[in-house]
Amino acid sequence: MAEAVTLARPYALAAFDIARESNRFDQWSRALEQLSHVTGTSEISEYISSPVHSTAAKATTVIDLLEDDLTESTRRFVRLLAENQRLDLIPEIRTTFEELLAEERKTLAVEITTAVELTAEEVKAFDDALTRKYQREIDLTIKVDPEIIGGALIRAGDTVLDGTVRGKLDKLQTTLMRI
């Protein structure tokens, strides 16, 4: 996994630079999402990993599947990936591209899981507090999971803040098991 991310990074940076030069971040983001979806299917994944097919045929197949949704620059990008036998890296390229885009736009995806539905005021309070804490625009996703019993679980980038009753009970159980 770490190797795939490492191999994907230069391609994601190149795609990001092209998107920045042409001011087409959203277009590249959509194209990479669609490419990731297509190459993630079992049939296409098997096809692009097969040594039987030429790199040109693999590129053509992927491009043909999304022909109307790809610009000439994204088609060239797909051909480059095929020539370098890196079509299988598209999901990692997309993930890295989205991380770079979030950094560029100063946004942070945050997921909040609570036991009950939050009110509009509570959502706004979370959004305001997280905006102050991270000094970024927050892209907030709210999930409800009654199994956490109460409190909230907040995932912001690599940070996880567990203020749930379930988390505290699990921690207490672990502590008691050590005694």
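Scan the range 72-83 for residues that are open to solvent by 20 Å² or more (accessible area, probe 1.4 Å) and touching a Ser or Thr at 6+ places or on another chain (Cβ under 9 Å) and the total you get is 3. None of Phe97, Phe77, Phe16 is touching a residue at least 60 places away in the same chain (Cβ under 8 Å) and farther than 30 Å from Arg136 by Cα except Phe77. The residues of the range 137-168 that are surrounded by fewer than 12 Cβ atoms within 10 Å (Cβ to Cβ) and out of contact with any Ser or Thr (no Cβ under 8 Å at 6 or more places or on another chain), listed by number, are Thr141, Pro146, Glu147, Asp158, Thr159, Val160. If you go through the range 104-122 and keep only what is surrounded by 15 or more Cβ atoms within 10 Å (Cβ to Cβ) and more than 25 Å from Arg24 (Cβ to Cβ), you end up with Val110, Ile112, Thr113, Thr114, Ala115, Leu118, Glu122. Contact map, the range 126-140: residues that are under 9 Å from Leu108 (Cβ atoms) paired with residues that are open to solvent by 50 Å² or more (accessible area, probe 1.4 Å) and part of a loop (DSSP other than H, G, I, E, B), Cβ distance under 8 Å, separation 6+ or inter-chain. Pairs shown: Arg136/Lys106; Glu137/Lys106.
If we keep just the residues of the range 84-103 that are open to solvent by less than 80 Å² (accessible area, probe 1.4 Å) and polar (S, T, N, Q), which is farthest from Lys124 (Cα to Cα)? Across the range 84-103, the extreme among qualifying residues is Asn84.
The values are calculated or read from the model by the stated rules, or taken from the named source; none is laboratory data. These figures come from a predicted structure and were not determined experimentally. When we count neighbours, we look across all protein chains shown, and the Cβ atoms used for this are built from the backbone with ideal geometry, even at glycine. For accessibility, only protein heavy atoms count, side chains too; no ligands or nucleic acids. Shrake-Rupley method; radii C 1.70, N 1.55, O 1.52, S 1.80 Å.
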